Amino acid sequence: MAQYKGAASEGSRAMQLQKRRELQQQEVEFRKNKIKEDLKVDKMENKFAVHYDAVEAQLKSSTIGLVTLDEMRAKQDTVIKEREKRIAQRRAEKEQRKKEEMAAKRAQKELQKKQIRALSFLGDDEEENEDDEDDDGIKKEISSDDGNSSADEEVDSANEDSCDSTPGTSGRPPSKKKKIGKNPDVDTSFLPDREREEEENTLREKLRQEWVTAQEALKNEEMEVTYSYWDGSGHRRTLVISKGTSIYQFLQRCLESLRGEFGELRTVTADQLMYVKEDLILPHHYSFYDLIVTKARGKSGPLFAFHARDDIRMTSDASIEKEDSHAGKVLLRNWYERNKHIFPASRWEPYDPNKNYGKYTIFDGKSK
């Protein structure tokens, strides 16, 4: 056998596993031999012996030679009576054992009641009634297990004694149970209440459904977007879309309307186009609804306004920001790669929603 070469701990572990396998193999061999011995047949008559009768076996062992029919019957009756007597004795021992177990259970219950009696809120009458009920239950279990008439009589007598011990039979009026009620002056709003929680959950779900319905209606609203196809010079166009349209879907619509006029767009897909708004490159997975709801803004104007007028930097004071916005630029990605070192492409950068591009207000700060 090849020896294990490695750490000492691994070697001892391998030896333990090997010993364990050897013990398992020995146990399997022992079980196989035992099964063979059990299935082994010494005589032909044992091969067909499938039924065992204790009375018949005892008669065969006690009968020697030829006997008359009357002697055989008398001996058979004696054997049957002895067997029935042994069975009855075993049954009585079993019943006695059950009674002892019931008595032990009852003693254990009594001990538990004594231990918790100091912390109990029940009155003396209720405790006596509970003791009587426990006694009745134990005795009924004993009577169901025994199945004889003597046990039934004991149960009846125990029931009569418990009924006589109740205060109703002695002529005294039954004592009323003392209930501990709630204090109405205590504030319980902080406690868990299933009905209140269900009402709150129902209200939350109703408000959520109303909010979802309002947002879906807002997404389905149509708006006019002014954009400019940029190839070094601007070619302004307008397009009517819904507010829930994504940037990628918007670029597909723009490509469909521009392919007939510009030959370089005939073999281009929407993945090769870019949308630049307020000097920021907007990712394709954003939607116009996201920009409108978050009131996003870029370097030179708002990203949530898509109606473009004249260039606000040329028609008014650039230091006073207004509500006017610039037309978004739609351009080829390869054009941007070739000209990103030249103005205006040198100002463009990817949009980051966590970045603050400066304060933006629609009012004139100098007029105040």
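The values are calculated or read from the model by the stated rules, or taken from the named source; none is laboratory data. The model shown is predicted, which means the values in this text are computed figures rather than measured ones. Here Cβ is always computed from backbone atoms with ideal geometry, including for glycine, and neighbour counts include all displayed protein chains. Calculation scope for accessible area: heavy atoms of the full protein, side chains included, ligands and nucleic acids excluded. Shrake-Rupley method; radii C 1.70, N 1.55, O 1.52, S 1.80 Å.
Evaluate the stretch 241-248: report whether one residue or more is under 16 Å from residue 287 (Cβ atoms) and open to solvent by 50 Å² or more (accessible area, probe 1.4 Å).
Narrowing the stretch 241-248 to residues under 16 Å from residue 287 (Cβ atoms): 241-248.
Filter once more, keeping what is open to solvent by 50 Å² or more (accessible area, probe 1.4 Å): 248.
Yes: the stretch 241-248 contains one or more residues that are under 16 Å from residue 287 (Cβ atoms) and open to solvent by 50 Å² or more (accessible area, probe 1.4 Å).
Given the criterion outside any loop (DSSP other than H, G, I, E, B), in contact with a Cys (Cβ under 7 Å, 6 or more places away or on another chain), more than 24 Å from residue 355 (Cα to Cα) and at pLDDT 85 or above, identify the matching residue among 251, 239, 255. Can you show your working first?
Numbers: 251 fails: in contact with a Cys (Cβ under 7 Å, 6 or more places away or on another chain); 255 fails: in contact with a Cys (Cβ under 7 Å, 6 or more places away or on another chain).
The conditions single out 239.
State all residues of the stretch 265-286 that are crowded, with 17+ Cβ neighbours inside 10 Å, of a type in the set (Ser, Thr, Tyr) and free of Cβ contacts under 8 Å to residues at least 60 places away in the same chain; if no residue qualifies, say none.
Answer for the stretch 265-286, where residues must be crowded, with 17+ Cβ neighbours inside 10 Å, of a type in the set (Ser, Thr, Tyr) and free of Cβ contacts under 8 Å to residues at least 60 places away in the same chain: just 275.
Yes or no: residue 327 modelled with pLDDT of 55 or more, under 17 Å from residue 274 (Cα atoms), among the aliphatic types (A, V, I, L, M) and in contact with a helix residue (DSSP H, G or I) (Cβ under 7 Å, 6 or more places away or on another chain)?
Details: modelled with pLDDT of 55 or more: yes; under 17 Å from residue 274 (Cα atoms): yes; among the aliphatic types (A, V, I, L, M): yes; in contact with a helix residue (DSSP H, G or I) (Cβ under 7 Å, 6 or more places away or on another chain): no.
Here the answer is no, as residue 327 does not meet what is asked.
Report, by residue number, each residue of the stretch 271-292 that is touching a Gly at 6+ places or on another chain (Cβ under 7 Å) and among the acidic types (Asp, Glu).
Going residue by residue through the stretch 271-292, those that are touching a Gly at 6+ places or on another chain (Cβ under 7 Å) are 275-280, 287, 289.
Once the filter is applied, which keeps residues that are touching a Gly at 6+ places or on another chain (Cβ under 7 Å) and among the acidic types (Asp, Glu), the stretch 271-292 yields 278, 279.
When the stretch 220-240 is examined, which residues are found to be free of Cβ contacts under 8 Å to residues at least 60 places away in the same chain, of a type outside the set (Ser, Thr, Tyr) and within 16 Å of residue 253 (Cα to Cα)?
Hits for the stretch 220-240 are 222, 235, 237, 239, 240.
When the residues of the stretch 207-219 are narrowed to those that are hydrophobic (A, V, I, L, M, F, W, C) and free of Cβ contacts under 8 Å to residues at least 60 places away in the same chain, which ends up most open to solvent (accessible area, probe 1.4 Å)?
As a first pass, look at the stretch 207-219 and keep what is hydrophobic (A, V, I, L, M, F, W, C): 207, 211-212, 214, 217-218.
Imposing the further condition that a residue be free of Cβ contacts under 8 Å to residues at least 60 places away in the same chain reduces the set to 207, 211-212, 214, 217.
Details: 207: 96, 211: 154, 212: 49, 214: 55, 217: 57 Å².
Applying the filter and picking the extreme gives 211.
Run residue 313 past the list (1) modelled with pLDDT of 85 or more; (2) surrounded by fewer than 14 Cβ atoms within 10 Å (Cβ to Cβ) and report the number of the one that doesn't hold.
Among (1) modelled with pLDDT of 85 or more; (2) surrounded by fewer than 14 Cβ atoms within 10 Å (Cβ to Cβ), residue 313 violates only (1).
Please list, ordered by first then second residue, the pairs with beta carbon atoms under 7 Å, 6 or more apart or interchain, first in the stretch 340-354 and outside any loop (DSSP other than H, G, I, E, B), second β-branched (Val, Ile, Thr).
349/281; 350/281
Among the helices (runs of 4 or more DSSP H) contained in the stretch 41-127, which hold 3 or more residues that are open to solvent by less than 70 Å² (accessible area, probe 1.4 Å) and modelled with pLDDT of 85 or more?
On the way: elements: 44-47, 54-62, 69-116.
It comes to 69-116.
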